[in-house]
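**Q** I have a structure here, written as structure tokens, and I will follow up with some questions on it.
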Amino acid sequence: MKPMIVDHPLIQHKISLLRNKQTGTKEFRDLVGEIANLLCYEATRDLPTEEVEIETPVTVARTKVLAGRKLALVPILRAGMGMLDGMLNLIPAAKVGFIGLYRDETTLQPVEYFCKLPSDIAERDVLVLDPMLATGGSAIDAINMIKKRGAKRIKFIGLIAAPEGLNALQEAHPDVSIYVAALDDHLNENGYIVPGLGDAGDRIYGTK
Ligand code: PRP
Ligand code: URA
């Protein structure tokens, strides 16, 4: 499936602010939430609607409402948590699961430390949240875990992807739609996205 690079001017502007190393923790965290909100708008564009009849102050009209598709949001800890509220703002009825993964600094392989998903995840459309798609290892593992529990309709939503991670994710999970705000140049020798924004988790939470 062709990845969607959501390069709306508002998103490009906010991503530039995120990339700036002078941007402090609070502003960084706020921006991650705002961009997630804008990405949510695009990633939910295909939600089914149904017609209902309502009475406006002027007349009776047939209009559209969401057809009740069940959604689940699954942030990959830690950095994915920074995107959660921005998504919930638009889809407050979504259930939320959590997957804890960190990248081993030397091997760059993801290490799993937590998984708690809604019990009915198999019936839900799942939006996996992680700002950074670098080697793709974390996203691929998280989606493996979600598929193992029966989910079939999965989207990945991120802020910045490296071509390496995008290709790896598409190869491992060709059925998963990918929405990112920017496609960067490459990964450096430490597995960081270039130009990127540094370590997303550290910048969201002010850790180092
Ligand atoms: C970051 C990021 C992704 C992962 C991406 O998390 O949030 O989960 O790296 O890298 P990959 O595509 O090469 O797997 P990190 O491991 O730094 O953990 P954190 O969110 O707890 O800081
Ligand atoms: N994880 C991050 O937080 N940043 C990168 O550039 C790569 C992986």
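**Q** Starting from the Cα gyration tensor of region 136-208, take the square roots of the eigenvalues, sort them a ≥ b ≥ c, and report rounded, prolate or oblate (rounded when a/c is under 1.5, otherwise prolate if a/b is larger than b/c, else oblate).
**A** Note, shape of region 136-208 comes out prolate.
**Q** Would you list Val111, Val58, Val180 from fewest to most Cβ contacts within 10 Å?
**A** So the ranking, lowest neighbour count to highest, is Val58, Val111, Val180.
**Q** To make sure I understand, if each residue's beta carbon is the centre and we count other beta carbons within 10 Å, what order do Lys64, Lys155 fall in, fewest to most?
**A** Lys64, Lys155
**Q** Pick from Ile91, Ile143, Ile154: which residue has the top mean-square fluctuation in a GNM of the chain where Cα pairs under 10 Å get a spring?
**A** Ile91
**Q** Using a Gaussian network model on the chain with a 10 Å cutoff between Cα atoms, which of Phe28, Phe114, Phe98 fluctuates the most?
**A** Sorting by GNM fluctuation, first place goes to Phe114.
**Q** Ranking Ser119, Ser177, Ser138 by Cβ neighbours within 10 Å, fewest first, what do you get?
**A** Ser119, Ser177, Ser138
**Q** With both partners inside the chain, how many of the DSSP beta bridges are antiparallel, as a percent to the nearest 5?
**A** Looking only at bridges with both residues in the chain, the antiparallel portion is about 40 percent.
**Q** Magnitude of the Cβ-charge dipole of region 98-208, K/R +1 and D/E -1, about the Cα centre, nearest 20 debye?
**A** The dipole of region 98-208 has a size of about 500 debye.
**Q** Next question, about the same structure. Only Lys, Arg, Asp and Glu count, each charged at its Cβ (+1, +1, -1, -1), so figure out the dipole size of region 11-107 about its Cα centre, rounded to 20 debye.
**A** 320 debye
**Q** Build a GNM of the chain with springs between Cα atoms under 10 Å: which of Pro75, Pro57, Pro131 gets the top mean-square fluctuation?
**A** Most flexible of the set in this elastic network: Pro57.
**Q** Any idea which of Leu31, Ala43, Pro92 is furthest toward the positive side of the dipole for region 29-119, if Lys and Arg beta-carbons carry +1 and Asp and Glu beta-carbons -1?
**A** It is Pro92, whose Cα lies furthest towards the positive end.
**Q** Going by a ≥ b ≥ c, the root eigenvalues of the Cα gyration tensor, does the chain fall in the rounded group (a/c under 1.5), the prolate group (a/b larger than b/c) or the oblate group?
**A** In terms of gyration-tensor shape, prolate.
**Q** So for the chain, if I pair up every lysine 8 or more residues apart or on another chain, how many of those pairs have alpha-carbons under 14 Å apart?
**A** Value for the chain: 10.
Just so you know, all these numbers are worked out from the coordinates, no wet-lab data involved. Note that the structure is predicted; figures quoted are calculated from it, not measured. Cβ coordinates were reconstructed from backbone atoms using ideal geometry, including for glycine residues, and neighbour counts include every protein chain displayed.
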